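Take a look at the structure set out below.
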Amino acid sequence: MNKYLYAINRRISSIYIALFNNTLNKDINFNISDLEKFFLSNPSNYFDQKVFQEIFLYYQKASVIQRNCEYEYQVGNEWLPIYSKYMKEIINILNCQDINKISKCYNNFFRERFSSGLHGDSGYDRFKKRYLSGKISFINKNLYAKQCVYTFNLWRKLLDNSNLEQLAVNSIGNENYYNFNGIKINPNYFKNHYYSEMTKKLIRKLPGQKFVFELGGGYGNYAYFLSLNKDIKYIGCDLPENTSLTYFYLKSLLPHKKIKLVYSLKQEDIQFEKYDIILISNYDIEFLPNNLFNLSFNSYSLAEMQIEAINNYIHHINRITKNFFFHVNHTKYSRLSADKFDIFLNKFSLINKNESLWNKFTNKFSDEYEFLYQSL
């Protein structure tokens with residue numbers, strides 16, 4: 001199935017579920033009345049001039065280094081059209097170092113064009129048309145409510161001790177919500193919280209300080225939940241534009257944490273144990289120490305890259321990871337199936353491969369699987 005036919009079938013499946021699948025309609029949390037209230041605009045107001053200046057300084061240096069890197073570190077495949085269509089404005093703001101404009105954009109980032117691909121909602125244009133116009137259609141109300149209830153129920157099923165209050169995060173970036181047992185929560189958080197809890201479970205019995213690496217962390221929600229545990233050090237690696245936003249997001253929510261934004265591991269002498277969170281650019285994966293990380297994590301972004309980039313990142317993840325490699329990626333609709341990632345089999349063994357169910361309710365054609373590798 002090519003990607004166009006896949007997209008058509010996915011949309012038909014979604015419409016059918018919205019109109020005819022009533023399995024969740026009697027759930028206590030299913031409610032489509034006044035759904036528009038969860039999409040009312042309410043930008044956050046976090047402003048720290050020092051944070052924005054650090055972002056500008058980082059981006060000024062990191063963007064130049066990244067542009068001059070090898071092909072493997074350039075934007076490609078599924079991310080290339082996103083950058084071409086949606087990222088121009090934020091790149092211009094970062095280059096011009098306009099504090100007022102970046103504050104406005106970042107405090108509204110869930111509803112800005114540059115957030116396409118960074119969170120679990122539909123692409124920017126579809127999401128804006130369906131949910132931000134002020135009038136949500138009957139089909140889209142049903143689709144949103146059913147997906148929210150399904151996601152919540154799956155989260156409760158997968159986690160033994162699910163504490164809903166942990167997901168009631170301070171609002172940042174003008175999010176959309178839904179009521180779950182009377183608590184307003186961003187429905188995108190359930191998946192990230194689940195993966196953070198699984199990460200903690202896998203490494204909790206390992207001795208000493210724990211280090212976790214994430215490739216392609218989006219806006220930083222997995223990192224946020226993971227960093228609530230004081231025994232875990234997190235290092236996130238992404239493109240400079242995304243890393244800049246992650247720094248804003250984590251600084252606003254975790255002001256007590258020691259967070260370091262690094263433009264070049266080659267030029268800066270970083271003592272990893274000194275910081276709770278370290279954010280680096282994608283090219284700096286080359287300069288991470290061998291076997292530093294108890295667990296490396298990736299969700300979806302590997303499968304969105306060109307084959308050369310996938311092979312390069314997998315090579316370094318093999319090198320820097322000591323105990324576990326945990327990732328969720330596509331097995332059919334990508335340049336390289338996740339089944340064919342070049343994992344060092346003399347170092348790691350596949351101990352679990354499970355279908356990822358987060359998108360399965362509205363996408364019957366989902367090809368997403370969770371892979372867990374453990375060192376031999």
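Residues being part of a loop (DSSP other than H, G, I, E, B) and of a type in the set (Lys, Arg): count how many of those fall in the range 165-195.
First pass over the range 165-195, keeping only residues part of a loop (DSSP other than H, G, I, E, B): 168-177, 181-182, 186-188.
Going one step further and asking which of them are of a type in the set (Lys, Arg), we end up with none.
Residues meeting the conditions: 0.
If a residue must be free of Cβ contacts under 8 Å to residues at least 12 places away in the same chain and in a helix (DSSP H, G or I), how many such residues does the range 96-119 contain? Break it down stepwise before answering.
Let us first name the residues in the range 96-119 that are free of Cβ contacts under 8 Å to residues at least 12 places away in the same chain, namely 96, 98, 100-101.
Those still in the list that are in a helix (DSSP H, G or I) too: 96, 100-101.
Matching residues across the range 96-119 total 3.
Just to verify a result, which residue in the range 58-85, among those that are closer than 13 Å to LEU302 by Cα and assigned to a helix (DSSP H, G or I), is most open to solvent (accessible area, probe 1.4 Å)?
Of all residues in the range 58-85, those closer than 13 Å to LEU302 by Cα come to 72-73, 75-79.
Next, only the ones that are assigned to a helix (DSSP H, G or I) stay: 72-73, 79.
Details: GLU72: 56, TYR73: 7, TRP79: 33 Å².
It comes out as GLU72.
Enumerate the pairs (first residue in the range 285-300 and within 24 Å of GLN267 (Cα to Cα) and without any contact (Cβ under 8 Å) to a residue 24 or more places away in the chain; second residue anywhere and hydrophobic (A, V, I, L, M, F, W, C) and surrounded by fewer than 24 Cβ atoms within 10 Å (Cβ to Cβ)) with beta-carbon separation below 9 Å, excluding pairs fewer than 6 apart on the same chain, so at least 6 apart or on different chains.
From residues that are within 24 Å of GLN267 (Cα to Cα) and without any contact (Cβ under 8 Å) to a residue 24 or more places away in the chain, the pairs are PHE287/LEU265.
As an exercise: evaluate SER196 against (1) under 30 Å from LEU143 (Cβ atoms); (2) open to solvent by 30 Å² or more (accessible area, probe 1.4 Å); (3) modelled with pLDDT of 95 or more and give the number of the one condition it does not meet.
(2)
Given the options ASN312, ASN352, name the one that is at pLDDT 95 or above, farther than 25 Å from ARG204 by Cα and not in a loop (DSSP other than H, G, I, E, B).
On the way: ASN352 fails: farther than 25 Å from ARG204 by Cα.
From the options ASN312, ASN352, the qualifying one is ASN312.
Is it true that LYS360 is among the charged types (D, E, K, R), free of Cβ contacts under 8 Å to residues at least 24 places away in the same chain, in a loop (DSSP other than H, G, I, E, B) and more than 18 Å from ASN312 (Cβ to Cβ)?
On the way: among the charged types (D, E, K, R): yes; free of Cβ contacts under 8 Å to residues at least 24 places away in the same chain: yes; in a loop (DSSP other than H, G, I, E, B): yes; more than 18 Å from ASN312 (Cβ to Cβ): yes.
Judged against the criteria, LYS360 is a match.
For SER334, indicate whether it is over 19 Å from LEU154 (Cβ atoms), of a type in the set (Gly, Ala, Ser) and in a loop (DSSP other than H, G, I, E, B). It would help to see each step written out before you state the result.
Numbers: over 19 Å from LEU154 (Cβ atoms): yes; of a type in the set (Gly, Ala, Ser): yes; in a loop (DSSP other than H, G, I, E, B): yes.
Against the criterion (over 19 Å from LEU154 (Cβ atoms), of a type in the set (Gly, Ala, Ser) and in a loop (DSSP other than H, G, I, E, B)), SER334 qualifies.
On the given criteria, is TYR263 part of a helix (DSSP H, G or I), of a type in the set (Phe, Trp, Tyr) and open to solvent by 10 Å² or more (accessible area, probe 1.4 Å)?
Spelling it out, it is not the case that TYR263 is part of a helix (DSSP H, G or I), of a type in the set (Phe, Trp, Tyr) and open to solvent by 10 Å² or more (accessible area, probe 1.4 Å).
Is the range 25-43 home to any residue that is closer than 30 Å to LYS251 by Cβ, aliphatic (A, V, I, L, M), under 24 Å from the mean Cα position of the chain (by Cα) and outside any loop (DSSP other than H, G, I, E, B)?
Taking the range 25-43 first, the residues closer than 30 Å to LYS251 by Cβ are 37-43.
When the remaining residues are screened for being aliphatic (A, V, I, L, M), the result is 40.
Checking which are under 24 Å from the mean Cα position of the chain (by Cα) leaves us with 40.
With outside any loop (DSSP other than H, G, I, E, B) added as a condition, the list becomes none.
Scanning the range 25-43, I find no residue that is closer than 30 Å to LYS251 by Cβ, aliphatic (A, V, I, L, M), under 24 Å from the mean Cα position of the chain (by Cα) and outside any loop (DSSP other than H, G, I, E, B), so the answer is no.
Need pairs with beta-carbon distance below 6 Å; first residue under 13 Å from ASN282 (Cα atoms) and within the range 51-70, second in a helix (DSSP H, G or I) and open to solvent by less than 50 Å² (accessible area, probe 1.4 Å); sequence gap 6+ or separate chains.
Going by the 6 Å Cβ cut-off, the qualifying pairs are TYR59/LEU94; TYR59/PRO240; TYR59/SER244; ALA62/PRO240; SER63/PRO240; GLN66/PRO240; GLN66/TYR283; CYS69/TYR283.
Which ones in the range 187-215 are farther than 17 Å from SER227 by Cβ and over 15 Å from the mean Cα position of the chain (by Cα)?
LYS205, LEU206, PRO207, GLY208
Has the range 95-115 got at least one residue that is among the polar types (S, T, N, Q) and at pLDDT below 95? Full working, then the answer.
So in the range 95-115, the residues among the polar types (S, T, N, Q) come out as 95, 97, 100, 103, 107-108, 115.
Adding the requirement that they be at pLDDT below 95 leaves 115.
Yes, the conditions are met somewhere in the range 95-115.
The values are calculated or read from the model by the stated rules, or taken from the named source; none is laboratory data. All values reported here derive from a predicted model rather than from experimental measurement. As a convention, Cβ positions derive from the backbone with ideal geometry for all residues, glycine included, and neighbour counts pool all protein chains shown. Side chains included, ligands, DNA and RNA excluded: accessible areas come from the protein's heavy atoms. Shrake-Rupley method; radii C 1.70, N 1.55, O 1.52, S 1.80 Å.
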